[in-house]
1. Quick one: length gained pulling residue 123 to residue 149 fully straight, 0.36 nm per residue minus the C-alpha distance?
2. May I ask what percent, to the nearest 5, of DSSP beta bridges between residues of the stretch 38-165 are antiparallel?
3. Run the numbers on the chain and let me know its relative contact order in percent, using alpha-carbon pairs under 8 Å that are six or more apart.
4. Can you give the log10 of the normalised intensity I(q)/I(0) at q = 0.09, 0.13, 0.16 Å⁻¹, computed with Debye over equal Cα scatterers of the chain?
5. For the stretch 170-298, how big is Rg over Rh, using alpha carbon atoms and the Kirkwood form of Rh?
6. Mind checking the angle between helix 277-298 and the chain's longest principal axis? C-alpha axes, 0 to 90 degrees, to the nearest 10.
7. Let me check against my output: what whole-number percent is the relative contact order of the stretch 71-173, with C-alpha pairs under 8 Å and at least 6 apart?
8. By counting other Cβ atoms within 10 Å of each Cβ, how are 105, 74 ranked from fewest to most?
């Protein structure tokens with residue numbers, strides 16, 4: 001038979017037990033929230049999820065996402081759901097998501113998608129309004145849906161801090177810029193008010209030479225002849241449609257553009273013009289780096 005425990009030993013035992021329970025409670029209360037199972041048809045939401053530390057279970061048209069958005073890359077574990085406007089519903093249902101995120105562009109799919117999981121329709125680029133403010137709000141809404149509110153605030157803060165830093169790297173007097181993306185050899189999107197690129201230019205203190213009207217997405221579709229005579233440095237955002245670079249080499253109209261003729265044209269890698277904070281930061285970094293290099297060459 002064991003001797004009875006001394007009072008001092010009993011007290012130490014009880015104190016140790018209380019400490020262990022407190023430690024377990026503290027660990028539980030401060031543990032990372034369980035990662036929700038999320039799929040999205042929208043590339044803007046996809047890039048935002050990854051930037052918040054969430055690996056989406058499924059995203060539509062992943063190869064095209066990488067062609068047009070570029071970064072952040074989708075994780076290898078993310079399943080391709082097929083076309084954005086015609087996703088594979090059977091495959092989507094097999095993933096058993098907690099949330100399906102869409103944008104208003106895909107609202108017509110809501111009745112079918114809602115049979116699988118709750119559908120969240122997150123809007124962006126809804127003028128009139130403050131584009132940058134809308135991007136911040138989308139980030140917060142997404143963070144709240146996936147239990148990453150702190151990560152959302154960090155993403156906003158770090159992005160704005162980075163853009164402020166990039167602004168300080170620009171020369172005091174930068175020429176106005178004309179931002180375009182080719183649709184075919186004779187037509188371009190030219191970007192202006194209401195869009196992501198304009199919101200970034202504003203934060204960098206740069207001037208957009210395009211003062212014409214734009215649609216809700218921040219661009220106008222125009223023939224390249226409309227660009228002639230605009231005093232600005234041309235910036236082309238890739239990707240080029242298949243065959244267009246070769247056609248432009250032969251086309252006199254493009255070759256007579258001032259920035260093409262005097263070799264001041266800037267070409268940027270793909271950046272999603274309808275994106276959120278990740279695309280905004282990437283566009284700012286690519287643009288400032290290109291302007292830095294151009295200034296060095298000009299000098």
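We did not get these values from a lab; they are worked out from the coordinates using the rules stated. Everything numeric here is computed off the predicted structure, so don't read it as measured data. Neighbour counts are summed over all protein chains in view; Cβ atoms, including those assigned to glycine, are modelled from backbone coordinates with ideal geometry.
1. Numbers: separation 26, 0.36 × 26 = 9.36 nm, distance 1.82 nm.
This chain segment gains 7.5 nm when fully extended.
2. Numbers: 1 of 11 bridges.
About 10 percent, rounded to the nearest 5.
3. Working: 460 pairs, mean separation 51.8, N = 299.
Averaging sequence separation for qualifying contacts and normalising by length gives 17 percent for the chain.
4. Values returned for q = 0.09, 0.13, 0.16 Å⁻¹ are -0.54, -0.96, -1.29.
5. On the way: Rg = 13.8 Å, Rh = 14.8 Å.
In the stretch 170-298, Rg relative to Rh is 0.93.
6. 40
7. Numbers: 63 pairs, mean separation 15.6, N = 103.
Relative contact order comes out at 15 percent.
8. Details: 105 14, 74 23.
Going from sparsest to densest Cβ surroundings: 105, 74.
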